[in-house]
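J.: Take a look at this one; I'll ask things after.
The values are calculated or read from the model by the stated rules, or taken from the named source; none is laboratory data. Computed from a prediction, not measured in an experiment: that's the story for all the values here. Glycine gets a Cβ as well: all are built from the backbone with ideal geometry, and neighbour counts include every protein chain shown. When the accessible area is computed, the model is the full protein with side chains, heavy atoms only, and any ligands, DNA or RNA have been set aside. Shrake-Rupley method; radii C 1.70, N 1.55, O 1.52, S 1.80 Å.
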Amino acid sequence: MSLSLLLLVVLGAVPSLVLLLMLGSRDPKRLRNLPRNARESVTPWPPARRRLIGALAALPGLLMMLNGEWAAFLIWLGLCLCGGWLWVHRLAPPAIGATMSRD
Amino acid sequence: MIRLPQRETRTLLAVHGWSAVLLGLLLYAVIVTGVASVFTDEIADWSSPLPSQADTAWPQGIGSAIQHAAQTVDPQFHEDMIAFRQAGGRMQAFFHKHDTDPAGKPIERGVVTVIDPQSRQIIERREGTDEEIGEMNLPNALAHFIVDLHVRLHLPNPWGLLLTGILGLAMMLAAVTGFVIHRHLFKELFTLRRHKDRMLSTRDAHVIAGTWNLPFAFILAFTGSFFSFASSFGIPAMAMAAFGGDRDKVIEVLIGNPAANDPTPAPPPALDRALDDARQRAGSDPWYILSEHWGRADALQTVVMLPASGTLRNRTFLYDAAGRFMQEKPLLGSVPSSGAAVYSLMGPLHFGNFAGVLSKAAWFALGFAGAYVTFTGLLLWTTRREDQPAWRYLGRSVTGLGYGLPLALIMAAYGYFPVVRLGGDVHVMMMTAFLAGLLGALLLANLLRQLADSRRILLSLTALALIGLPWLRWIGTGVSWIDAAHGGLNAVFAIDLGLSIAGLLCLRAVRRPSPAMKRLPSAQASPAT
C-alpha cells in the first residue's frame, strides 16, 4: 500500500470518525436512555444539526467516490463502520446496577 | 392452511427453530473461518517462513529461474505452466499436461518446482496430479486448512460449495429483510443500555453490531455466494442451458479466445520480458503467470497483475512466445464489458486484499463484527427459550461451538507445527486436533452445570492456546524472533504479537461475565433436567 493511499484514508477517516463521535454523544435516543445523573449535563442536538453533521461525516467518502478513489473509499467505509461500532461501546454507560429480569 | 393439533404444532415449531439455529451455527463457522482467511497469505508466511523474506516473490530474473527449472522437468509436462507466490515468498511453478482421471474427470498432471526467489534455487519438487500436489504442499497446509473450512467446510465438491453458497444467500436475505423490517433500529444506532436489564444490554449489543455491519454483511454475503455458486452450479447450469452441456465451450467464451495452434518447436517463452513489461504497464507486482504451449511457436503468456495502489482490479496482459505485448484482456471474455467489470470487483470486495494490510485489517474487523452478530443472535434466540428442555441442549451447543470454534482453529495449528518438525500426515494431524478441540468444547458445554463456567473455561483454554502458539511456532519452524529480525520476517513478528495480544484479551474477557450467559438455563439447572 502506498503512502498516498494511506494519507488519503487517514485524511478522510479522522474527520469522519470525530464527527461520528460528536453525533453519537448528542444522539437523543442515547441521551434519553442514560442514567439520570449523566443526562442533565448534555443536551441532544436538533434534527437539522444532526443531519448536517451526518452529511459532513459522509463527505470524505463522497469525495473519494467522485474522484474514483475506490480503494480509499472502501477502507474509509470500513474504518468508519468499525469506528462507529467502537464509539457506541465507548459512549455507553457502565454496567453498574444492571438487573437480571427476563427480556 | 393445514390444521394441526397443538402438540404437533409445537413439535414442528421446535424443528423449524432448531433447523434455523443449526444453519446459523454453520454460518457462524463460515464467518469465523472467513475472518481468519482474510490473513491467509500472512498465516502462510508465518507458519512456514524462509530464512529471509524477499522484497517480492517476483524479483528481476525470476523468469530465467523458472526456465532453468523447466529443464529439470520431463518435457511431456511442458504443455502448460502456471507460476505464483506461495508461503514465505516461495515461487511455485507447476509444469503440467491436461489429462483425465479413471472417472473421466479433467485433471492436471505434472511437476511442481518450488524456487527460492532470493537464491533462485529449486528448494522443493513434487510430482503428481494437481490434487496430489496440493496435498503435498506442507508450507501452505495450515492456511489451506482454514480457507478450505471457510470455502466448503471440508465437504467434498460440489456439496461443500453449494452449502456455503446457500449459507451466503441466507446471510444476504437476513441483511436485506433486516434492513427493510428493522429500519427503526437505525434510530438506536448509538444506544447501548448497558446499565439496564442484562438481556436488553445483550440485545442492544447484537443490534448495534448488526446495524453498523449491515453494508459489509451484504457485500460479503453476495460475493461469497457468487464464488460458491459460480463453479459448483453457475457454470454447469450455463453450459447446460446455453451451450448444450459443453463446459469447455463455456470456459472458452468466458475466458476468451484459446491460443492459436502451431506446434512448431521454439525456444522457451521469454518470461522475464513479459513480466517486466507487465510491471511497467500495471505499476504493481504480478499475481500469477500462465504460460500455455511452452516451447512451441504458438506459446501464449497470460500475466495477471495485482491491483496497483489505490485501485481495486487486477489487470491481465497477453504476450507471445517472444514476450511481446499482444493485448490487455478483460477478466471475462476478450473485449471489455460491464459484466467483466462487475466480475472483476467480486474478488477484492470479498477478500479485502486490494490495499495490503490496511484493507485486510478493515475486512477482518468487519468480519469479526459479523461473527459477533451471528453468535449473539443465536445466544439470544436460545436464551429466550430457556424453559424448554430441547432448547436448553441447543443453547449449550451454541455456547460450545461459539467459544469452541476459535479454540479448534488454534488447535489445528497445534496439529500442524509438530508435523513440520517431526514429520507425519499433516492433514490428519490438523483435522484430528481441530475436531478434538471442537468436540471437546461441545462436550464441556453439555456436561458442565453452568454455561458461564463453560464460557470461562473455553475462553481460558483459548487464551492459553493463543499465548502458547508463538512458542510452538518457534519450536516447529526453528525460527526465533532474532532470526525473524535478521531475515525481515514481518509476518512472523506481527502474527506472534497478534496471537499474544488476542490471548491476553481473552483472559480479560474471562473476568467479565457475559450478560446473556447469566440468563441461560444451565446456570440454574443440571444437565439431567
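J.: So, B:His150, is that one over 30 Å from A:Leu34 (Cα atoms), within 17 Å of the chain's Cα centre (by Cα) and open to solvent by 70 Å² or more (accessible area, probe 1.4 Å) or not?
T.: no
J.: Still on this model: If you go through the stretch B:310-319 one residue at a time, do you hit one that is in contact (Cβ under 8 Å) with a residue 40 or more places away in the chain and surrounded by fewer than 16 Cβ atoms within 10 Å (Cβ to Cβ)?
T.: Looking for residues that are in contact (Cβ under 8 Å) with a residue 40 or more places away in the chain and surrounded by fewer than 16 Cβ atoms within 10 Å (Cβ to Cβ), one finds none in the stretch B:310-319, hence no.
J.: Could I ask something else about it? Could you tell me whether B:Arg125 is in a loop (DSSP other than H, G, I, E, B), surrounded by fewer than 20 Cβ atoms within 10 Å (Cβ to Cβ) and not assigned by TED's automatic domain parsing to the domain that holds B:Ala412?
T.: The answer is no for B:Arg125.
J.: Which of (1) part of a helix (DSSP H, G or I); (2) out of contact with any helix residue (DSSP H, G or I) (no Cβ under 6 Å at 6 or more places or on another chain) is the odd one out, the single condition B:Val147 does not satisfy?
T.: The failed condition is (2).
J.: When only residues in the stretch A:1-15 that are of a type in the set (Val, Ile, Thr) and open to solvent by 50 Å² or more (accessible area, probe 1.4 Å) count, which is nearest to the other protein chains (Cβ to nearest Cβ)?
T.: A:Val10
J.: Is at least one residue of the stretch B:392-404 basic (Lys, Arg) and over 29 Å from B:Arg90 (Cα atoms)?
T.: Checked against the condition, which is being basic (Lys, Arg) and over 29 Å from B:Arg90 (Cα atoms), the stretch B:392-404 yields at least one hit.
J.: Would you check if there is a residue in the stretch B:333-353 being over 23 Å from B:Thr302 (Cβ atoms), within 14 Å of chain A (Cβ to nearest Cβ), buried (at least 17 other Cβ atoms within 10 Å of the Cβ) and in contact with a Lys or Arg (Cβ under 9 Å, 6 or more places away or on another chain)?
T.: Yes, some residue in the stretch B:333-353 is over 23 Å from B:Thr302 (Cβ atoms), within 14 Å of chain A (Cβ to nearest Cβ), buried (at least 17 other Cβ atoms within 10 Å of the Cβ) and in contact with a Lys or Arg (Cβ under 9 Å, 6 or more places away or on another chain).
J.: Next up: So B:Leu23 passes all but one of these: (1) within 22 Å of the chain's Cα centre (by Cα); (2) within 25 Å of B:Asn353 (Cβ to Cβ); (3) open to solvent by 40 Å² or more (accessible area, probe 1.4 Å). Which condition number does it fail?
T.: Looking at each condition in turn, B:Leu23 falls short on (2).
J.: Name the single residue that is surrounded by the fewest Cβ atoms within 10 Å (Cβ to Cβ) among those in the stretch B:449-494 being part of a helix (DSSP H, G or I) and β-branched (Val, Ile, Thr).
T.: Here the answer is B:Ile482.
Condition check ((1) farther than 19 Å from B:Ala65 by Cα; (2) not small (Gly, Ala, Ser)) across all residues:
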residue: B:Ala260; (1), (2): yes, no
residue: B:Leu275; (1), (2): no, yes
residue: B:Gln280; (1), (2): yes, yes
residue: B:Asp285; (1), (2): no, yes
residue: B:Trp294; (1), (2): no, yes
residue: B:Ser309; (1), (2): yes, no
residue: B:Phe317; (1), (2): yes, yes
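J.: Somewhere in the stretch B:53-64, is a residue of a type in the set (Val, Ile, Thr) and open to solvent by 20 Å² or more (accessible area, probe 1.4 Å)?
T.: Yes, some residue in the stretch B:53-64 is of a type in the set (Val, Ile, Thr) and open to solvent by 20 Å² or more (accessible area, probe 1.4 Å).
J.: Right, another one. Within the stretch B:182-192, identify whether any single residue is touching a residue at least 24 places away in the same chain (Cβ under 8 Å), open to solvent by 60 Å² or more (accessible area, probe 1.4 Å), under 24 Å from B:Gly34 (Cα atoms) and outside the structural domain of B:Leu25 (by TED's automatic domain parsing), and answer yes or no.
T.: Among the residues of the stretch B:182-192, not one is touching a residue at least 24 places away in the same chain (Cβ under 8 Å), open to solvent by 60 Å² or more (accessible area, probe 1.4 Å), under 24 Å from B:Gly34 (Cα atoms) and outside the structural domain of B:Leu25 (by TED's automatic domain parsing), which makes the answer no.
J.: I've got another one for you. Does the stretch B:386-398 contain any residue that is within 12 Å of another protein chain (Cβ to nearest Cβ) and on the phi < 0 side of the Ramachandran plot?
T.: Yes, the stretch B:386-398 contains at least one residue that is within 12 Å of another protein chain (Cβ to nearest Cβ) and on the phi < 0 side of the Ramachandran plot.
J.: Could you please find all residues in the stretch A:16-26 being open to solvent by 20 Å² or more (accessible area, probe 1.4 Å) and within 8 Å of chain B (Cβ to nearest Cβ)?
T.: Passing the criteria: only A:Leu23.
J.: Give me a count of the residues in the stretch B:286-336 that are touching a strand residue (DSSP E or B) at 6+ places or on another chain (Cβ under 7 Å), outside any strand (DSSP E or B) and under 28 Å from B:Asp41 (Cα atoms).
T.: Selection size over the stretch B:286-336: 3.
J.: How many residues, within the stretch B:91-122, are surrounded by fewer than 23 Cβ atoms within 10 Å (Cβ to Cβ) and either among the charged types (D, E, K, R) or in contact (Cβ under 8 Å) with a residue 60 or more places away in the chain (or both)?
T.: 10
J.: Right, something else. Name the single residue that is surrounded by the most Cβ atoms within 10 Å (Cβ to Cβ) among those in the stretch B:68-90 being within 26 Å of the chain's Cα centre (by Cα) and in a helix (DSSP H, G or I).
T.: B:Gly88
J.: Give A:Pro35, A:Pro44 a once-over and let me know the one that is at the interface with chain B (Cβ under 8 Å from one of its Cβ atoms), surrounded by fewer than 20 Cβ atoms within 10 Å (Cβ to Cβ) and closer than 22 Å to B:Arg194 by Cα.
T.: Residue meeting the stated conditions: A:Pro35.
J.: So which residues in the stretch B:174-206 are hydrophobic (A, V, I, L, M, F, W, C), in a helix (DSSP H, G or I) and at the interface with chain A (Cβ under 10 Å from one of its Cβ atoms), if there are any at all?
T.: Matches in the stretch B:174-206: B:Met199, B:Leu200, B:Ala205.
J.: So, one more: Read through the list (1) within 19 Å of the chain's Cα centre (by Cα); (2) of a type in the set (A, V, I, L, M); (3) at pLDDT below 95, then give the number of the only condition that B:Ile133 fails.
T.: The single condition B:Ile133 does not satisfy is (1).
J.: Can you work out which of the residues in the stretch B:213-228 that are open to solvent by 20 Å² or more (accessible area, probe 1.4 Å) and under 24 Å from A:Asp27 (Cα atoms) is farthest from the other protein chains (Cβ to nearest Cβ)?
T.: So, considering only residues that are open to solvent by 20 Å² or more (accessible area, probe 1.4 Å) and under 24 Å from A:Asp27 (Cα atoms), the one farthest from the other protein chains (Cβ to nearest Cβ) is B:Leu214.
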